[in-house]
Amino acid sequence: MYEQVSHSLLNRILDEIRPEIRNRNLRHFYTRLGANFYAVYSLFHLLYGGREDFERQMVQLVEVMAAQYIQRDSALKTLDIKRERDHNWFLSQEWVGMALYSDGFAGDIKGLRKKIAYLQELGVNMIHVMPILECPAGASDGGYAVSNFRDVNKRAGTLSDVMSLAKDLRRRDMLLTLDVVVNHTSDQHAWARKARQGDKKYQDYYYIFDNRDIPDMFEETLPEIFPQNAPGNFTFDETMNKWVMTVFNNYQWDLNYSNPAVFIEMLDIILFWANQGADIVRLDAVAFLWKKIGTASQNEREAHLILQLMKDCCHVTAPGVLFIAEAIVAPVEITKYFGEDAIIAKECEIAYNATFMALLWDAVATRNTKLLNQGIRNLPDKLNRATWLNYVRCHDDIGLGFDDTDIKQINYEPHAHRKFLLDYLTGVYDDSPARGQPFGRNDKTGDARISGALASLAGLETALEVNDPKAIQQSIDLILLLHSMIMSYGGIPLLYYGDEIGTLNDRTFLEDENKAHDNRWMHRPRIDWEKAELRHHRGSPEQKIFDGLKKMIAVRKSIPAFADFNNRELLDTGNEHLFIFMRNNPLQLNDNVLVVGNFDGSPQSLTLSDLGNRGLFEYAQLQDLYSGASPRLFKDQLVIPPYNFYWLTDFKS
Ligand code: GLC
């Protein structure tokens, strides 16, 4: 949009900009800067317009974008242009991701490069390498307490290892996702050290207070994220004799985005990693970016403005790079991270579907899909050109963050229901084979979340211990069922490393004093590659899970109806154990796939005529795309075995 106030500012900036930038031929950069400048200016003005140095800050912002553009490798620039042309590229069903710790998966980044073939064997073509940046050995929060945003942790490797990994992946048409921890730094970061030494400039990078007045006001409404390990949201720093805001662990200092210098630094870092070859940047803890007294300081409007501004700036320098919003917040809040008041995503193109994840675990524990159906039905619509990251497990705990109204609507009492889920998933009940552990128990609110590896939560550990073949098979079926849901729902399925071979809880973290207090480490395993070899032994759990997933991935990639164009219709047939939805190919009429999952331990039936006249399923000859077989029918009743699923299509279409 051409608007004169911002345009004349742009002209002034172009006059003022450093000569080494001004004199370069940056055609693509300038066309994009021109296109986005009004948006960039407006957002920056909304956030920082009241400052006297506003214009100087704007010059710096543009310089950062331009300098990073100049640094950007020509291969990446070519990719940018290609993706601009094929802008729906990431909505395709062909993407399947895996999140992994490079050390747990393969020792280090070099080791990971050698394991790309394993990922390809499975069919994974997007990897999220969990944080690899420098951080203190002990107080690391699994890499999320970064002490240097521009260099790699020596234990993981070097910057050049990351660039080689990025190149290896690009050559194979695979995507690399890296984290930028935008909300906080380690207290060992150079900025924090300088702040501690009394440098005012860097004290303004954080929220630092002389006394408890403001912290106490904040505490009235701020929840606690790690109530057991890091109660409260402020930490007293003895060197400064001041209080620092530390919403997560006490060694993670929250960055102060009301200071434009912080925004510009973090944008520079995002673009730096885009230039190292990250196709996707995972923005950590984005809900927390703006703090306001009297609120929970999550999902504030300004947090969204910051993300929109980051996106608009990234579009100018590296338009091929996508953002993932890690916002594990209430269902109605999550979709806002795609951007509001827009048709296409203007904040983050991708967001974790934490709601779906938690609802799937609800279905596992209750063996019915009442809340799953209710919760998904009430999820706000997602924008076009925005997509979910669908997952069953990740490196974090499972939070039971569903909407209380949804729980009440299906006649459960929210508190009691959450307690039931916690007890079920932590194996308190005799009939529960799950082996999770409570995480982040808050005695003040009674809340808790759940840690545990997928296979142990799904009962495989218990079944193997008692050596019960039927129970072993059931838990394998459940693992596959859960994956069949994230592969067909719409969005990018994100597997979690180790789950593909049924890795169980890892209790060795208890022997490490830096980890013992945080049981999320029980599901951050070191892969046992001998066990992984068992994927070649017919009949082993490893083989059944690995081959099941491998086939599922291959089949998913061949089903255009599984691409994410908001082309999903949830169906209700009155059987409370089934989760049923239709996916349709937006490019071809009647190219539908009916997804049916049975979350119960007994076979269930579905009367096809109850589905109405959708894609002629009633009379057609059905085929399950996953197994290639025709499913069992009794008259027009489809029979779904316990913990099984179908991806049904009709032979004739
Ligand atoms: C994100 C990460 C989590 C970490 C937190 C604080 O939620 O996923 O592991 O503890 O941010 O950085």
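Only the coordinates and a few stated rules stand behind these numbers; no lab work does. Since we're looking at a predicted model, the values are computed, not measured. Here the Cβ is made from the backbone with ideal geometry for all residues, glycine too, and neighbour counts use every protein chain on show.
Of the helices (runs of 4 or more DSSP H) lying entirely inside segment 72-174, those containing at least 1 residues that are away from the ligand (no atom under 16 Å from the Cβ), under 30 Å from N250 (Cα atoms) and out of contact with any Gly (no Cβ under 7 Å at 6 or more places or on another chain) are 102-106, 159-171.
Mind checking which residues of segment 176-195 are buried (at least 21 other Cβ atoms within 10 Å of the Cβ) and away from the ligand (no atom under 16 Å from the Cβ)? Answer for segment 176-195, where residues must be buried (at least 21 other Cβ atoms within 10 Å of the Cβ) and away from the ligand (no atom under 16 Å from the Cβ): L176, W191, A195.
Got a sec? Which of I350, I334 is under 27 Å from R418 (Cβ atoms), out of contact with any Cys (no Cβ under 6 Å at 6 or more places or on another chain) and within 16 Å of the ligand (Cβ to nearest atom)? Before the answer, list the steps.
Values: I350 fails: under 27 Å from R418 (Cβ atoms).
The match here is I334.
Taken over segment 477-496, residues that are in a helix (DSSP H, G or I) and not hydroxyl-bearing (S, T, Y) amount to 10. Scanning segment 263-289 for residues that are among the β-branched types (V, I, T) and either touching a Pro at 6+ places or on another chain (Cβ under 7 Å) or farther than 30 Å from K515 by Cβ (or both) yields a single hit, I264. A search for C-beta distances below 6 Å between a residue of segment 352-368 that is in a helix (DSSP H, G or I) and any residue that is hydroxyl-bearing (S, T, Y), counting only pairs 6+ apart in sequence or on different chains, returns M357/Y391; A363/T369; A365/Y424. When segment 248-291 is limited to residues that are out of contact with any helix residue (DSSP H, G or I) (no Cβ under 6 Å at 6 or more places or on another chain) and among the hydroxyl-bearing types (S, T, Y), the one that is farthest from E55 (Cα to Cα) turns out to be Y251.
Would you mind finding the one in A274, A278 that is more than 15 Å from the ligand (Cβ to nearest atom), under 17 Å from the mean Cα position of the chain (by Cα) and among the small types (G, A, S)? Going through A274, A278 in turn, just one is more than 15 Å from the ligand (Cβ to nearest atom), under 17 Å from the mean Cα position of the chain (by Cα) and among the small types (G, A, S): A278. In segment 463-514, which residue that is among the β-branched types (V, I, T) and over 24 Å from the mean Cα position of the chain (by Cα) is farthest from Y118 (Cα to Cα)? Result: V466.
Of the residues that make up segment 221-231, is at least one within 16 Å of the ligand (Cβ to nearest atom), under 30 Å from A99 (Cβ atoms) and not in a loop (DSSP other than H, G, I, E, B)?
First pass over segment 221-231, keeping only residues within 16 Å of the ligand (Cβ to nearest atom): 222-231.
Filter again for under 30 Å from A99 (Cβ atoms), leaving 222-231.
If we keep only those that are not in a loop (DSSP other than H, G, I, E, B) as well, we get none.
Within segment 221-231, none of the residues are within 16 Å of the ligand (Cβ to nearest atom), under 30 Å from A99 (Cβ atoms) and not in a loop (DSSP other than H, G, I, E, B).
Given the residues L549, L534, which is the only one that is in contact with a strand residue (DSSP E or B) (Cβ under 8 Å, 6 or more places away or on another chain), outside any loop (DSSP other than H, G, I, E, B) and away from the ligand (no atom under 16 Å from the Cβ)? Spell out how you get there, then give the answer.
Details: L534 fails: in contact with a strand residue (DSSP E or B) (Cβ under 8 Å, 6 or more places away or on another chain).
When all the criteria are applied, what remains is L549.
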